[in-house]
1. Tell me the carbon and sulfur percent of the accessible area for the stretch 36-89, rounded to whole percent, probe radius 1.4 Å.
2. Taking 0.36 nm per intervening residue step and subtracting the Cα-Cα distance, what contour gain separates Phe134 from Asp209 on full extension?
3. Send over the per residue convex hull volume for the stretch 188-294, Cα only, as a whole number of Å³.
4. Pop the C-beta distance of Ser95 and Asn70 into the FRET formula with R0 = 25 Å and round what comes out to the nearest 0.05.
5. Per residue, how much accessible area does the chain have with a 1.4 Å probe, in Å²?
6. Using alpha carbons only, how many angstrom separate the centre of the stretch 136-198 from the centre of the stretch 57-106?
7. Pick out, from Met116, Thr38, Gly131, the residue whose Cα sits farthest towards the positive end of the charge dipole of the chain, with +1 on the Cβ of Lys and Arg and -1 on the Cβ of Asp and Glu.
8. Could you please tell me the mean projected area of the C-alpha convex hull for the stretch 98-190, averaged over all directions and given in square nanometres to one decimal?
Amino acid sequence: MRRVIYFLLIVISTYYSCRQKNKEIITKKNKIIDSVKTYTQPSKLTNEYVNFNSPNAINRIAEIENEYFNSYRLNSSKYYGTKWYDYVGLSMELSDSITIFDRYSIEKDNTRLDSMHCTIFAVKGLESGFGKEFEIIKKHHIDIWSDREYAGWSLGYILTKHYNWKAYLFISKYSDEYDICIRNYKKDKKYHVWKQPNIPIEKIFDVDDDKDKINSLLKLNEFGWGFSNQGWHTWITRFDYLKECNWLGAPAKKYDTEGNQPLFLKTKFIDYYDYDSHIIVFPPKKNKTFANKV
């Protein structure tokens with residue numbers, strides 16, 4: 001009898017031990033799953049554009065942003081702002097013998113680190129949307145500007161000249177650029193870029209008075225290539241949101257010693273008040289019924 005009781009105790013003990021172990025494994029697995037968040041929803045739409053795949057472009061942007069925000073929160077991202085590197089990354093803490101960037105690099109071990117600024121970020125989306133065709137865009141760029149870096153206006157010009165993308169100007173009547181932009185539009189219907197090829201524009205929208213019309217146009221387009229003030233800043237649009245890269249953004253919260261905004265930002269376009277003028281260039285649609293016009 002004593003042996004029977006002893007045997008039963010062993011079986012019961014083993015049973016509960018196994019249950020507890022399985023519970024720990026499931027809990028640990030759930031913690032891993034719960035630790036990854038989707039900050040930018042991927043596109044699940046069917047592409048509507050000619051020679052450009054907007055879901056591919058948006059999903060590349062979503063991939064970058066989701067990697068950044070998850071890593072920024074949990075550890076540190078492989079993406080960092082170019083100006084963060086200059087202003088913060090190269091500095092040293094008083095109690096340390098290496099720079100903040102060196103410490104960040106050691107922490108990321110063998111991960112390839114990516115310096116980011118506004119144009120690099122926007123080009124990532126454009127490149128994914130064009131696929132192999134982007135190699136031809138590179139050749140066009142080299143033919144005109146040799147080895148100069150991409151700019152919002154340079155790619156905007158190529159998109160309108162070679163790919164039939166349509167550009168629109170968004171400006172306030174109170175802008176310092178307003179008079180000259182209106183004068184140039186009346187002259188040749190183009191947005192003039194200083195000492196560079198001018199970009200043909202379809203229409204001008206007043207950012208103060210035409211908010212409904214602007215929103216209607218934006219909501220027709222999953223992707224837009226954008227830049228401000230003749231190219232001082234480059235960004236993209238995803239429907240009615242402007243998505244941009246802040247080159248002061250740190251790769252991790254712990255490395256944001258200056259209290260800057262994160263590397264990637266999202267703003268309703270009609271609520272975006274930086275800079276004096278904006279150009280958005282939209283790809284041509286397959287279905288002419290839904291042309292980029294309002």
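The values are calculated or read from the model by the stated rules, or taken from the named source; none is laboratory data. The structure displayed is predicted, hence computed values, not measured ones. Cβ atoms come from the backbone with ideal geometry, glycine included; neighbour counts cover every protein chain shown. Heavy atoms of the whole protein, side chains included, go into the accessibility calculation; ligands, DNA and RNA do not. Shrake-Rupley method; radii C 1.70, N 1.55, O 1.52, S 1.80 Å.
1. Solvent-exposed carbon and sulfur of the stretch 36-89 make up 47 percent of the total.
2. Details: separation 75, 0.36 × 75 = 27.00 nm, distance 3.67 nm.
Roughly 23.3 nm would be gained on extension.
3. Working: hull volume 14.3 nm³, N = 107.
Considering the Cα atoms of the stretch 188-294, their hull volume per residue is 134 Å³.
4. With a Förster radius of 25 Å, E is 0.30.
5. Numbers: 17090 Å² over 294 residues.
So the chain comes to 58 Å² accessible per residue, rounded to a whole number.
6. 32 Å
7. Going by the Cα projections, it comes out as Thr38.
8. Working: hull surface 40.2 nm².
So the mean shadow area of the Cα hull is 10.0 nm².
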